[in-house]
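Single-structure report; data block below.
Every read-out reported here was derived from the displayed coordinates using simple, explicitly stated rules and does not represent laboratory data. None of the values given here were measured: they were computed from a predicted structure. Ideal geometry is used to build each Cβ from the backbone, glycine not excepted, and the neighbour counts take in all protein chains shown.
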Amino acid sequence: MRAAALLLFAAVRAFAAAPADPGDVAAYELARQAAHGKTEARAGLERLAREGAAGAQHYLGQLYLSGRGGPRDKGKAIEWFRRAAEQGHVASAHNLGVLYERAAAPLRDPAEAAKWYRFAAERGFARSQTNLGKMLVKGEGVAQDLEEARAWLEKAAAQGEPHGRYALGMLHLNGRGVPRDEAEGVRLIRAAAEAGDRDAQYELALAYGAGRGVGRDEPAALQWLRKSAAQELPEAEYLLAAIYARGQYGEPRDEARAAEWLRRAAKQDYAEAQYALGLAFAEGRGVAKNLEEAVYWLGKAAAAGHPQAMETMARAKRDAK
């Protein structure tokens, strides 16, 4: 369920604002009504899509992707996004990239994702410029090329795209594709964090905590970490749990609050948090001792490949014989 929600959030959402293109206005209004269960509006949208209206094809793809006003069907979403993208609809091309990059098998296809991100990026779509840049950094779906990655991320950052600024900042911070410049990296990451990017907020917290590219400042680190955790970044939730468990950064030790943040991260399938939460239940730290819960969370972490959890579960099985 969470993976589906993240995929939808990463795609261009259909009804966040009215379209700028006057030709899409009628399709937008039909889609908005169809999302609220108006069957006549959906039929009208489908008719326009079949007649070849790219805007209608895009919005129909969004309805299938979200499941609003009808069935959720990623296959049909891809079909309609592709029809629109082949007519030059850049938001549909971006959504195709998101679906192919982040969907589970058998739909996942990183090379196809990179192709559609490039299509939209070349037409100035900032979020596709960011995503293509990140794929080039990782060498996922395309050959790794840090110089080209930097170029696309610079284009996205120049348009004010927050995650593009964050990703470009990480290149400067770590000296990848550019000379290492921690101060410039932090400047870009801060701009993204102030725009609400949760990954940037987390990295800015780490920078303040370590004094990397900026003066060490524990209160600022804690402030940005809380902002990121409030947006449900599991890494931030896990680190916040560790701070409460140890009584760091001026916070009193509070194992109950630590366990609560561990639970939030664990529910997002963050294996480190699942392992720590399992141990907390086994030992009664911050929660009532509960061996059934301990086995459940340790098992989840082990299934995700967490080495210590796997060893703990294997040892438990040996001891039970």
Relative contact order in percent for the chain (Cα pairs under 8 Å, 6+ apart) equals 7 percent
Counted neighbours (other Cβ, 10 Å), sorted fewest up, put 310, 170 in the order 310, 170
For the pair residue 104 and residue 159, the simple spin-label estimate (label points 7 Å beyond Cα toward Cβ) gives in nm 3.2 nm
Taking the dipole of the chain about the Cα centre (Lys, Arg +1; Asp, Glu -1; charges at Cβ), the one of 132, 179, 280 that reaches farthest to the positive side is 280
In degrees, nearest 10, the alpha-carbon axis of helix 90-102 is tilted away from the dominant principal axis of the alpha carbons of the chain by 40 degrees
Result: in the range 184-321 the number of Lys pairs with C-alpha under 21 Å apart, spaced 8 or more or on different chains, is 6
Any lysines whose Cα falls less than 30 Å from that of residue 115, other than same-chain ones fewer than 8 residues away, would be 74, 76, 134, 138, 155
Net charge (Lys, Arg +1; Asp, Glu -1) of residues whose beta-carbon lies under 13 Å from that of residue 289, residue 289 excluded, is -3
Between the modelled labels at residue 87 and residue 146 (7 Å from Cα along Cα→Cβ) the distance in nm is 4.3 nm
If R0 = 56 Å, then residue 288 and residue 50, at their Cβ-Cβ distance, give a FRET efficiency to the nearest 0.05 of 0.45
The simple spin-label model distance between residue 72 and residue 212, using points 7 Å out along Cα→Cβ, in nm, is 3.6 nm
Put in order of increasing Cβ neighbours within 10 Å, starting from the fewest, 66, 228, 92 give 66, 228, 92
Relative to the chain, whose Cα atoms define the longest principal axis, helix 25-35 and its Cα axis are tilted in degrees, nearest 10, by 50 degrees
Computed about the Cα centre, the charge dipole of the chain from +1 Lys/Arg and -1 Asp/Glu charges at the Cβ has a magnitude in debye, to the nearest 20, of 640 debye
Nearest 10, in degrees from 0 to 90: the angle of helix 162-174 to the longest Cα principal axis of the chain is 50 degrees
